[in-house]
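Take a look at the structure below.
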Amino acid sequence: MTTPAHCIVHWRLLTPAGQEMLIARYPHGPRAQTRFLLDHYEIRPDALASLLGMRRWTVRRLARGWAIPLGYARCEHMRSRVLRLICPLCQEEDQAEREREAAREKARDIRRKARQAPRTSARRP
């Protein structure tokens, strides 16, 4: 069974032009997907290896075209990573999540500073 070259979650929400663009930008095969991810992560195989749960040399050899069997779970993980970077609706969701996380971190910092501030006495002399 082959996996579709599109984001299953957002496929119906995209316009036909968006669907065509998504199919055209999708790299087919593990070598192309590895190269795409390495280009995105600024050619850092150690970062990509940690994201995919494999060794650095495996990522390098995949990018060079070695036929290394990855297994279904790793192929699916690589495919989902690629689609998160290509699908415009996934990118919007990721941006919204980053903004929510930044707001949470800001609120956490405010609470932390309030706890660390020196307390003043309620009584007046």
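The values are calculated or read from the model by the stated rules, or taken from the named source; none is laboratory data. Because the structure is predicted, anything quoted here is derived from the model rather than measured. Here the Cβ is made from the backbone with ideal geometry for all residues, glycine too, and neighbour counts use every protein chain on show. With ligands, DNA and RNA removed, areas are computed over all heavy atoms of the protein, side chains included. Shrake-Rupley method; radii C 1.70, N 1.55, O 1.52, S 1.80 Å.
Looking at the stretch 93-111 only, could you name the residues that are under 12 Å from the mean Cα position of the chain (by Cα) and open to solvent by 60 Å² or more (accessible area, probe 1.4 Å)? Working first, answer last.
If we filter the stretch 93-111 for residues that are under 12 Å from the mean Cα position of the chain (by Cα), which is where we start, we get 93-95, 97-98.
Residues satisfying the conditions are Glu93, Gln95, Glu97, Arg98.
For the stretch 1-17, enumerate the residues that are at pLDDT 75 or above and surrounded by fewer than 16 Cβ atoms within 10 Å (Cβ to Cβ). Before the answer, list the steps.
The first filter runs over the stretch 1-17 and keeps only residues at pLDDT 75 or above, leaving 14-17.
Within the stretch 1-17, Thr15, Pro16, Ala17 meet the criteria.
Listed residues Arg60, Arg35; which is of a type outside the set (Gly, Ala, Ser), open to solvent by 80 Å² or more (accessible area, probe 1.4 Å), part of a helix (DSSP H, G or I) and touching a residue at least 24 places away in the same chain (Cβ under 8 Å)? Walk me through it before giving the result.
On the way: Arg60 fails: touching a residue at least 24 places away in the same chain (Cβ under 8 Å).
Just a single option satisfies the conditions, and that option is Arg35.
Taking the condition out of contact with any strand residue (DSSP E or B) (no Cβ under 7 Å at 6 or more places or on another chain), loosely packed, with under 12 Cβ neighbours inside 10 Å and not β-branched (Val, Ile, Thr), does Arg44 pass?
No, not satisfied.
Residues of the stretch 63-74 being open to solvent by less than 60 Å² (accessible area, probe 1.4 Å) and at pLDDT 80 or above, which ones?
none
Suppose the filter is under 30 Å from Ala17 (Cα atoms), free of Cβ contacts under 8 Å to residues at least 24 places away in the same chain and not in a loop (DSSP other than H, G, I, E, B); does Asp46 pass it?
Against the criterion (under 30 Å from Ala17 (Cα atoms), free of Cβ contacts under 8 Å to residues at least 24 places away in the same chain and not in a loop (DSSP other than H, G, I, E, B)), Asp46 does not qualify.
Suppose the filter is closer than 19 Å to Gln91 by Cα and without any contact (Cβ under 8 Å) to a residue 60 or more places away in the chain; does Pro69 pass it?
The answer is no for Pro69.
Restricting to the stretch 18-32, name every residue that is outside any loop (DSSP other than H, G, I, E, B) and open to solvent by 70 Å² or more (accessible area, probe 1.4 Å).
Glu20, Ile23, Ala24, Arg25, Arg31, listed by residue number.
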